[in-house]
Amino acid sequence: FVKCHLASGRVLLTAETMKQMESQLAGARFLRIHKSYLVNLASVERLSGNVLRVGGAELPVGSTYRQDVLRALK
């Protein structure tokens, strides 16, 4: 299952994998930042070390995804 937190505050639970969700959102300015997190790049507030602030929440950036995050935020 994947839990989706929407900008409106609503939370959706889907019976999909993160990989399926990632492929559906490809090209829509969403980026995988951690094995457990996909974020909308338009909602990113800042990157500080290995922590990405998105919509008031602080999310970890996985070492595997760090270079992709840095490229996307340039």
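The values are calculated or read from the model by the stated rules, or taken from the named source; none is laboratory data. These numbers come from a predicted model, not from an experiment. For neighbour counting, all protein chains shown are included, and Cβ atoms are generated from backbone atoms with ideal geometry for every residue, glycine included. Note: areas computed on protein heavy atoms with side chains; ligands, DNA, RNA excluded. Shrake-Rupley method; radii C 1.70, N 1.55, O 1.52, S 1.80 Å.
In region 1-65, what trypsin sites (Lys or Arg not before Pro) fall in a loop by DSSP, with at most 16 other Cβ atoms inside 10 Å? Walk me through the numbers before you get to the answer.
Values: sites: Lys3, Arg10, Lys19, Arg29, Arg32, Lys35, Arg46, Arg53; in loops: Arg10, Arg29, Lys35.
When the trypsin sites (Lys or Arg not before Pro) of region 1-65 are filtered for loop state and at most 16 Cβ neighbours within 10 Å, Arg10, Arg29, Lys35 remain.
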- CD proxy at 222 nm, helix term only [per DSSP H run n ≥ 4: -39500 (n - 2.57); per residue of the chain; nearest 500]: -5500 deg cm²/dmol
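Tell me, what is the per residue accessible area of the chain in Å², probe radius 1.4 Å?
Values: 5230 Å² over 74 residues.
Per residue, the chain has 71 Å² of solvent-accessible surface.
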- Item | Rg/Rh for region 1-68, where both radii come from Cα atoms and Rh is the Kirkwood radius | 0.94
- Within the set of other residues whose C-beta is less than 10 Å from the C-beta of Leu31, count the net charge using Lys and Arg as +1 and Asp and Glu as -1. +1
- Task: For an R0 of 22 angstrom, estimate the FRET efficiency from the Cβ-Cβ distance between Glu16 and Lys74 and round to the nearest 0.05.
- Result: 0.15
- Message: Under a crude label model (7 Å from the Cα following the beta-carbon direction), how far is Lys35 from Ser23 in nanometres?
- Response: 2.0
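Explain nothing, just the number: relative contact order of the chain, from Cα pairs under 8 Å at least 6 residues apart, as a whole percent. Show your work: numbers first, answer last.
Working: 89 pairs, mean separation 14.5, N = 74.
Relative contact order for the chain comes out at 20 percent.
Tell me the carbon and sulfur percent of the accessible area for the chain, rounded to whole percent, probe radius 1.4 Å. Write down the numbers at each step before the final one.
Numbers: 2670 of 5230 Å².
Carbon and sulfur together cover 51 percent of it.
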